[in-house]
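The values are calculated or read from the model by the stated rules, or taken from the named source; none is laboratory data. Note that the coordinates shown come from a computational prediction; the quantities given were computed from them, not determined experimentally. Here the Cβ is made from the backbone with ideal geometry for all residues, glycine too, and neighbour counts use every protein chain on show. We work out accessible area using only protein heavy atoms, side chains counted, and drop any ligands, DNA or RNA first. Shrake-Rupley method; radii C 1.70, N 1.55, O 1.52, S 1.80 Å.
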Amino acid sequence: MHPMVNDDGTAKTLKEPDATSARVTGGGKTKARPRGRPRSFDRETALEKALLAFWEHGYEATSVSDLTRVMDIGAPSLYAAFGDKRSLFDEVVRVYGTRHGSFTDRALAEEPTARAAVERILREAAAVYTEPGHPHGCLVVHAAANCSNPEVEQSLRDRRNANIAAFESRIRADVAAGVLPPATDAAALARHTGAMIQGMSQQARDGASREELEAVAEIALSIWPRTGTHTG
């Protein structure tokens with residue numbers, strides 16, 4: 001169950017009505033008196049709405065007023081529950097990585113070779129980047145578009161470069177193990193993989209279908225060097 005949060009960002013508690021909620025008027029009649037209790041909202045639901053807004057429009061183009069509108073909360077609630085726009089975005093990126101972007105880490109951890117991992121990553125990217133129910137493409141790629149905040153831009157760049165570094169590390173391990181030829185340019189092959197993922201993301205934004213992106217993935221995999229001879 002998602003936690004309920006008051007409109008001031010504090011956890012919501014349920015209380016029984018008490019005498020302070022009403023006052024007696026002439027004739028013994030009671031008249032309701034406003035409690036002043038903040039309106040509550042579901043924090044996880046609001047966060048998911050913010051994620052979709054940033055994913056669709058990017059960091060720069062998504063204003064605080066846009067966020068309060070789509071999250072259906074007031075600005076004071078946003079700041080109390082999530083901090084400022086930058087803090088909210090940082091949390092959105094972490095949630096995105098867990099819910100939508102974890103296929104890269106899983107493939108690198110579970111597949112036996114770098115090529116098998118990249119093949120799985122490209123195929124899953126083709127599926128995730130085009131599936132219905134959320135904006136197409138990758139948030140980490142597109143949220144930095146036209147971004148004037150250097151810290152946000154650097155943070156997203158670091159995430160993309162971390163993936164390329166992980167690809168390179170896995171490729172170098174396969175070269176050392178004899179799975180790939182000794183002359184394999186691990187850095188270039190890793191960067192090629194990153195370029196393919198980012199390009200597929202943009203293609204998905206431009207309307208490419210899953211099948212079209214899978215065809216692109218097949219061509220990308222065809223340039224991988226032939227399997228080397230394992231020397232022990």
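Things to note:
- When we screen G74, G97, G83, G137 for residues that are at positive phi and surrounded by fewer than 20 Cβ atoms within 10 Å (Cβ to Cβ), the only hit is G83.
- Being part of a helix (DSSP H, G or I), more than 16 Å from G58 (Cβ to Cβ) and touching a residue at least 12 places away in the same chain (Cβ under 8 Å) holds for only one residue in R86, R123, and it is R123.
- Subset of region 56-69 [within 17 Å of the chain's Cα centre (by Cα) and assigned to a helix (DSSP H, G or I)]: E56, H57, G58, Y59, E60, A61, L67
- Residue in region 143-151 that is over 15 Å from the mean Cα position of the chain (by Cα), farther than 20 Å from I219 by Cβ and part of a helix (DSSP H, G or I) present: yes
- Consider region 203-212 and keep the residues that are out of contact with any Leu (no Cβ under 8 Å at 6 or more places or on another chain) and assigned to a helix (DSSP H, G or I). The one that is surrounded by the most Cβ atoms within 10 Å (Cβ to Cβ) is R205.
- Flag for A61 being out of contact with any helix residue (DSSP H, G or I) (no Cβ under 8 Å at 6 or more places or on another chain) and aliphatic (A, V, I, L, M): yes
- Verdict on L108 being touching a Leu at 6+ places or on another chain (Cβ under 9 Å), assigned to a helix (DSSP H, G or I) and not small (G, A, S): no
- Residue check: M200 meets all listed conditions (1) open to solvent by less than 90 Å² (accessible area, probe 1.4 Å); (2) without any contact (Cβ under 8 Å) to a residue 24 or more places away in the chain but one, namely (2).
- Within region 100-119, the set of residues being open to solvent by less than 20 Å² (accessible area, probe 1.4 Å), of a type in the set (A, V, I, L, M, F, W, C) and either within 13 Å of R170 (Cα to Cα) or in contact with a Pro (Cβ under 7 Å, 6 or more places away or on another chain) (or both) comprises A107, A114, A117, V118.
- Candidates P135, P150: the one that is at pLDDT below 95 and out of contact with any strand residue (DSSP E or B) (no Cβ under 8 Å at 6 or more places or on another chain) is P150.
- Residues satisfying the stated conditions in region 167-185, i.e. surrounded by fewer than 19 Cβ atoms within 10 Å (Cβ to Cβ) and in a helix (DSSP H, G or I): S169, R172, A173, A176
- Consider region 40-70 and keep the residues that are within 15 Å of A143 (Cβ to Cβ) and of a type in the set (G, A, S). The one that is surrounded by the most Cβ atoms within 10 Å (Cβ to Cβ) is A50.
- Hey, R191 open to solvent by 20 Å² or more (accessible area, probe 1.4 Å) and in contact (Cβ under 8 Å) with a residue 60 or more places away in the chain or not: no
- The numbered conditions (1) at pLDDT below 95; (2) surrounded by fewer than 16 Cβ atoms within 10 Å (Cβ to Cβ); (3) small (G, A, S) are all true for G228 except (2).
- Screening S155 against (1) at pLDDT 95 or above; (2) part of a helix (DSSP H, G or I) leaves a single unmet condition, (1).
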